[in-house]
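Trainee: Have a look at this one.
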Amino acid sequence: MSAAGVPLSWYLVLAALLFTLGAAGFIFRRNIITMFMCIELMLNAVNLTFVALAYHLRQVDGLVLAFFVMVVAAAEAAVGLAIILTVFRNRASVQIDEVQALKD
Amino acid sequence: MTHSFVPTGVELLRLSPEILLVLAGTLLLVLEGLTGAKRGRELGRLALVALGAALLASLAAARQPGLAFSGSISADGFATFFRLVVIAAGLLVALFSGPYLRRESAERGEYYALLLYSVAGQCLMASANELIVLFIALETSSIASYVLAGYLRADRRANEAAVKYFLLGSFASAFLLYGIALIYGEAGSTWLGQIRAALAGPPGSATPLAGAAAAFLFAGFAFKVSAAPFQVWAPDVYQGAPAPVAAFLSAGPKAAAFAGLLRVFMTAFEPVSASWEGIVWVSALATMIVGNLAALLQSNIKRLLAYSSIAHAGYVMVAVTAHSSIGTAAAMFYLAAYVFMNVGAFAVVSYFARQGERYVHVDDLAGLAWRQPVVAALLSLLLLSLIGVPLTGGFFGKFYVFTAALEAGLVWLTVLGLLNSAVAAYYYLRILVVMYMREPSEAAADLAAPPAPVRAALWASALATLILGIFPSTVLEYASKAAALAP
C-alpha cells in the first residue's frame, strides 16, 4: 500500500505501543516533568496514527488533524510548564509525591 | 456540505456566543495592559456584560437553528440549552468572584479573561458536530481552567490543585484524542453524521476498532465529568482551587463535557451502542457509590462538595446509560438543576471561608442560622435540592433520570441509584443540623453580612432551583424537543 512497502498495521501497532509506553510512564514515573513528557509521547502516538491513516485513506484530513493536535500540545506545554514552575517556586521540588498537601 | 470557505452571516450568528466571548476575553486582556492592572473591578463588570451579551446571542442563535462552518457546528436546541446553562454558570461565578478576589487582593482582568475563554470553549463543546472541533473546544475550556485552578500563584494549595488538574486533564485529553484517531481510521471521517453512517452498515460490519474508539472517548469524557474510575483528581482540585474557581469547575466544564458525551454517543456511536452500554452502566454505578460513600467521611466542605459532585455525575451517567431521547432530556434537566444548586452552595463557601480560606470545615458553619438566617435558609434550600427533596429542581432531576432508566429496563441501576441518594441525604443533612442545631462557632460569630454580589448570586441560584422544582415541565419540554439529536 505505502510507497516503502510498510503496511498500515505496522504504523498502527507502533503508535499503540508508544501510546501504551506513554500511559505507563505517566502512571509509574514520579517526576512531574517526566510525567508531562509521557503525555507528549501519547499525543505523538496519536499524531502517528492520524498521519498513517491519512496516508492509507488518501485523505488530507488526517494530516490537518495532526497539525491541530500539535497546536493544542504547544498550548498545553506553555500552560503546563508555567504551572510546574510555580510549584517548583513554592516547594523547590518537582516530585509528585512531595505535592500532597491536600488531604482531609 | 458547502465548499465556500467564507462564512455567511447566518453561520456567524450561529457561532455568535463563542465569537463574542473570545473577543470580550481578548478585549479584557488588552484593556488590562492599557490601564495598568488596577482596574480589576471595572474589568469584572465588563466580563459580566459580555456574559450577559453571550446569553442573548445564544437566544438569537436559537432563532436560526442549523449547521454552520461546513456542518462542524450545529446550533440546535441541544446546543442552545447547554450554552444557556454554561453561560449562566459563568455569570454567577463571575458575580461572586469579585468579593473573593478583592479579599485576596488578586482581582485582575486576566481572571475574567480566562473565565470567558473557558466559557467560550464550553459553549463550543455543546455545539460541536465534528470531533476535532469538539477536541479544540474541550482544550480551550480545559487549558483556561488549569490556569484558573492555580490562579492564586503564591498559594501552595492552589499550585497543587493546578498541577494535578493539568496532569490528569492532559492525560485524559490524550485518551480522547486516541479515540478520535481510532474512529477516524474506522469511519474515515471525523464528522459525527458520517461516522454514524459508517457504523450503521450491515450488522457485523463494524470492527472491534469502533468499540475500542468508544471506550477511549468515554475514558476521556469520564475524566472531564469526574466519573469513576477517573474521579480521583476532583477532591484535591476542588479543595485546593480558590472557592469561586471550584464552583466554576464543578459546573460549566462538567455540563459541557456531558453535552459532548451525549452528542457523540447518541449520534455517532448510537449504532454500536451494544459495545459501550456495559462500560457506562458500570461507570454510573461506581461513580454514585464512590462519590456518596467518600462524601460521608469528609469534614472539609469543599471536599464534601467535590465528592457530592462526583455522585451527581453518577446520576447523570445513569441517564446516559438509558441512551434514549428521554434519557438525554433527563440528563439535560438534571445538569441544569445541578449547576444552579452547586454553584449556589459554593457561593456560600466562598463567602464564609474568609481571607486565605480559613473556615472551610463543616463544623465552622455551626450556628450560621442564628447569625445569618437568610444565608442559612438559602443554603438549606440548595442542600435540600442536592438531596432531591420535592419542590426543588434536584427532585425532578432525579425523578426524570430514574424514570428514564426504568423505561430503558435498567431496574437494578435504578434501585441502586435510589439507595445511593438515600445515603447522600445523610451528609447534606449533617450540614443542616450543624447550621441550625449548634451554638454559633467562632467562625460564624464574627461573620459580616454577605456582600451584594454574593447575595445576588445566591438568590439567583436558589430561585432557579425553586423554579425548576415548581415549574419543571417548561424546561423538560424544551429538553425533550432538543434531545432528539439529528445525526
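The values are calculated or read from the model by the stated rules, or taken from the named source; none is laboratory data. All of these numbers come straight from a predicted model, not from anything done at the bench. Methodologically, a virtual Cβ is constructed for each residue, glycine included, from the backbone with ideal geometry; neighbour enumeration extends over all protein chains shown. Only protein heavy atoms, including side chains, enter the accessible area calculation; ligands, DNA and RNA are left aside. Shrake-Rupley method; radii C 1.70, N 1.55, O 1.52, S 1.80 Å.
Trainee: Calculate one ³J(HN,Hα) per residue across the range B:46-60 by plugging θ = phi - 60° into the Karplus curve 6.51 cos²θ - 1.76 cosθ + 1.60, and present them in order as whole Hz with x for glycine and proline.
Mentor: Calculated HN-Hα couplings, in order: 4, 5, 4, 4, 4, 5, x, 5, 5, 4, 5, 4, 5, 5, 5 Hz.
Trainee: For the range B:1-137, place one equal point scatterer on every Cα, skip the solvent, and apply the Debye formula. What is log10 of I(q)/I(0) at q = 0.22 Å⁻¹?
Mentor: Those come out to -1.20, one per q.
Trainee: Taking the solvent-accessible surface of protein heavy atoms with a 1.4 Å probe, what is the per residue accessible area of the range A:8-99 in Å²?
Mentor: Roughly 51 Å² per residue, with all protein chains present.
Trainee: Between B:Glu104 and B:Met437, what is the spin-label point distance in nm, taking each point 7 Å from the Cα along the Cα→C-beta axis?
Mentor: Between B:Glu104 and B:Met437, the label points sit 3.4 nm apart.
Trainee: Could you tell me which of rounded, prolate or oblate describes the range A:8-99, using a ≥ b ≥ c as the square roots of the eigenvalues of the alpha-carbon gyration tensor, with rounded for a/c under 1.5 and, failing that, prolate when a/b is larger than b/c and oblate otherwise?
Mentor: Details: a/c = 6.75, a/b = 1.97, b/c = 3.43.
Verdict is oblate for the range A:8-99.
Trainee: Say the dipole of chain B comes from +1 at the beta carbon of Lys and Arg and -1 at that of Asp and Glu; which of B:Thr140, B:Pro451, B:Gly169 then lies farthest toward its positive end?
Mentor: Working it through, the farthest residue towards the positive pole turns out to be B:Pro451.
Trainee: Extension gain B:Leu466-B:Val411, at 0.36 nm per residue separation less the Cα-Cα distance, in nm?
Mentor: Once the chain is fully extended between B:Leu466 and B:Val411, it gains 16.9 nm.
Trainee: While we're looking at this one, here's another question. Taking the Cα centre of the range A:8-99 as the origin, how large is its charge dipole in debye, to the nearest 20, when only Lys and Arg (+1) and Asp and Glu (-1) carry charge on their Cβ atoms?
Mentor: Computed about the Cα centre, the dipole is about 100 debye.
Trainee: Also, I was wondering about something else. For n ≥ 4 DSSP H runs only, could you compute -39500 (n - 2.57) per run for chain A, divide by its residues and tell me the 222 nm figure to the nearest 500?
Mentor: That calculation yields -26500 deg cm²/dmol at 222 nm.
Trainee: Which of the peptides B:163-175, B:185-197, B:238-250 is most tightly packed, and how do the rest follow, judged by the mean count of other Cβ atoms within 10 Å per residue?
Mentor: Ranking, from highest mean packing down: B:238-250, B:163-175, B:185-197.
Trainee: Taking Cα atoms, how many degrees apart are the long axis of helix A:32-57 and the longest axis of chain A, rounded to 10 and kept between 0 and 90?
Mentor: Computed tilt is about 10 degrees.
Trainee: Further question on the same structure: What do you reckon, how do B:Lys224, B:Lys302 stack up by accessible area (1.4 Å probe), largest on top?
Mentor: Highest to lowest solvent-accessible surface, that is B:Lys224, B:Lys302.
Trainee: Sort A:His56, B:His323 by accessible area with a 1.4 Å probe, largest first.
Mentor: Putting A:His56, B:His323 in descending order of accessible area: A:His56, B:His323.
Trainee: Per-residue mean of other chain beta-carbon atoms within 10 angstrom of the beta-carbon, peptide B:177-187?
Mentor: On the way: counts 13, 10, 1, 5, 16, 5, 0, 9, 10, 1, 0.
Going residue by residue through B:177-187 and averaging, the value is 6.
Trainee: How much length is gained if the chain between B:Val49 and B:Ala377 is pulled fully straight, taking 0.36 nm per residue apart and subtracting their Cα-Cα distance, in nm to one decimal? Can you show the working numbers first?
Mentor: Details: separation 328, 0.36 × 328 = 118.08 nm, distance 2.94 nm.
Extending this stretch completely gives an extra 115.1 nm.
Trainee: Counting only the heavy atoms of the protein chains, how much of B:Glu11 is accessible to a 1.4 Å probe, in Å² to the nearest 10?
Mentor: Ignoring ligands and nucleic acids, B:Glu11 comes out at about 30 Å².
Trainee: What value, in deg cm²/dmol to 500, does the helix sum -39500 (n - 2.57) over DSSP H runs of n ≥ 4 give at 222 nm once divided by the residues of chain B?
Mentor: Per the formula, -25500 deg cm²/dmol.
Trainee: Take B:Leu12 and B:Asp363, extend 7 Å from each Cα along the Cα→Cβ direction, and tell me the distance between the two endpoints in nm.
Mentor: Roughly 6.1 nm, to one decimal.
Trainee: Continuing with the same structure: Can you give the accessible area per residue of chain B, in Å², using a 1.4 Å probe?
Mentor: That works out to 33 Å² per residue.
Trainee: I need the calculated FRET efficiency for the pair A:Trp10 and A:Glu40, taking r as the beta carbon distance and R₀ as 30 Å, to the nearest 0.05.
Mentor: The value I calculate is 0.85.
Trainee: Which shape class, rounded, prolate or oblate, goes with the range B:100-198 when its Cα gyration tensor gives a ≥ b ≥ c as root eigenvalues, a/c under 1.5 marks rounded, and past that a/b bigger than b/c marks prolate?
Mentor: The shape class here is oblate.
Trainee: I've got another one for you. For chain B, what does the alpha-carbon gyration tensor say about shape, rounded, prolate or oblate, given a ≥ b ≥ c as the root eigenvalues, a/c under 1.5 as rounded, and a/b over b/c as prolate?
Mentor: Cα axes put chain B in the oblate bin.
Trainee: Still on this structure, please answer the following. Taking every Cα atom in the protein assembly as shown, find the radius of gyration and the maximum pairwise distance Dmax, and write them in Å.
Mentor: Answer for the protein assembly as shown, Rg first and Dmax second: 22.9, 80 Å.
Trainee: What whole-number distance in Å separates the alpha-carbon centres of the range A:3-22 and the range B:279-337?
Mentor: 38 Å
Trainee: Using only the alpha-carbon atoms, how far is helix B:472-483 inclined from the longest principal axis of chain B? Give it as 0 to 90 degrees, nearest 10.
Mentor: 30 degrees
Trainee: Sequence-distant or interchain residues sharing an amide H contact under 5 Å with B:Glu104, placed H: which?
Mentor: none
Trainee: Additional query: Between B:Lys38 and B:Trp459, what FRET efficiency follows from the Cβ-Cβ distance if R0 is 30 Å, with the result rounded to 0.05? Mind dumping the intermediate values first?
Mentor: Values: r = 30 Å, r/R0 = 1.01.
Efficiency for this residue pair is about 0.50.
Trainee: Moving to a separate point now. For the range B:1-155, give the percent of accessible area contributed by carbon and sulfur heavy atoms, probe 1.4 Å, rounded to a whole number.
Mentor: Exposed carbon and sulfur together represent 68 percent of the surface.
Trainee: How many angstrom separate the Cα center of the range B:381-403 from the Cα center of the range B:103-158?
Mentor: 29 Å
Trainee: Moving on to the next point. Taking the Cα centre of the protein assembly as shown as origin, sum charge times position over the Cβ atoms of Lys and Arg (+1) and Asp and Glu (-1), and report the length of that vector in debye to the nearest 20. Numbers along the way, then the final one.
Mentor: Values: 34 positive and 30 negative charges, 170 e Å.
In total the dipole reaches around 820 debye.
Trainee: If you don't mind, another one. Accessible area of B:Thr207, 1.4 Å probe, to the nearest 10 Å²?
Mentor: So the heavy atoms of B:Thr207 present about 60 Å² to solvent.
Trainee: Among B:Trp233, B:Val343, B:Val411, pick out the residue whose Cα is farthest towards the positive end of the charge dipole of the protein assembly as shown, where Lys and Arg carry +1 and Asp and Glu carry -1 on C-beta, about the Cα centre.
Mentor: The Cα lying farthest towards the positive end belongs to B:Val343.
Trainee: Specify which residue in the list B:Gln122, B:Leu305, B:Tyr184 is farthest towards the positive end of the charge dipole of the range B:8-482, using unit charges on the beta carbon of Lys, Arg (+1) and Asp, Glu (-1), about the Cα centre.
Mentor: B:Leu305
Trainee: Quantify how strongly other chains surround peptide B:290-303 by giving the mean number of their Cβ atoms within 10 Å of each of its Cβ atoms.
Mentor: Values: counts 0, 0, 0, 0, 1, 0, 0, 1, 1, 1, 3, 0, 1, 3.
Other-chain Cβ atoms within 10 Å of each residue's Cβ, averaged: 1.
Trainee: Between B and A, buried accessible area summed over both sides at probe 1.4 Å, in Å² to the nearest 100?
Mentor: By this definition, chains B and A bury close to 3700 Å².
Trainee: Okay, moving on. Calculate, for A:Gln100 and B:Leu209, the FRET efficiency according to 1/(1 + (r/R0)^6) with r their C-beta to C-beta distance and R0 35 Å; round to the nearest 0.05.
Mentor: Details: r = 39 Å, r/R0 = 1.11.
The value I calculate is 0.35.
Trainee: Pull out the extension gain between B:Thr26 and B:Ala449, defined as 0.36 nm times the separation in residues minus the alpha carbon to alpha carbon distance; nm, one decimal.
Mentor: 148.8 nm
Trainee: Relative to the longest principal axis of the C-alpha atoms of chain B, give the angle of the C-alpha long axis of helix B:273-296, reported between 0 and 90° and rounded to the nearest 10°.
Mentor: On a 0 to 90 degree scale, this one is about 10.
Trainee: Order B:Ile326, A:Ile32, B:Ile387, most accessible first, counting only protein heavy atoms with a 1.4 angstrom probe.
Mentor: Correct descending sequence by accessible area is B:Ile326, B:Ile387, A:Ile32.
Trainee: Please compute the average number of Cβ atoms from other chains found within 10 Å of each residue's Cβ in peptide A:42-55.
Mentor: Mean shielding by partner chains, rounded to a whole number: 4.
Trainee: Rounding to the nearest 20 debye, state how big the charge dipole of the range B:416-487 is about its Cα centre with +1 on each Lys and Arg Cβ and -1 on each Asp and Glu Cβ.
Mentor: Using only the charged Cβ atoms, the result is roughly 200 debye.
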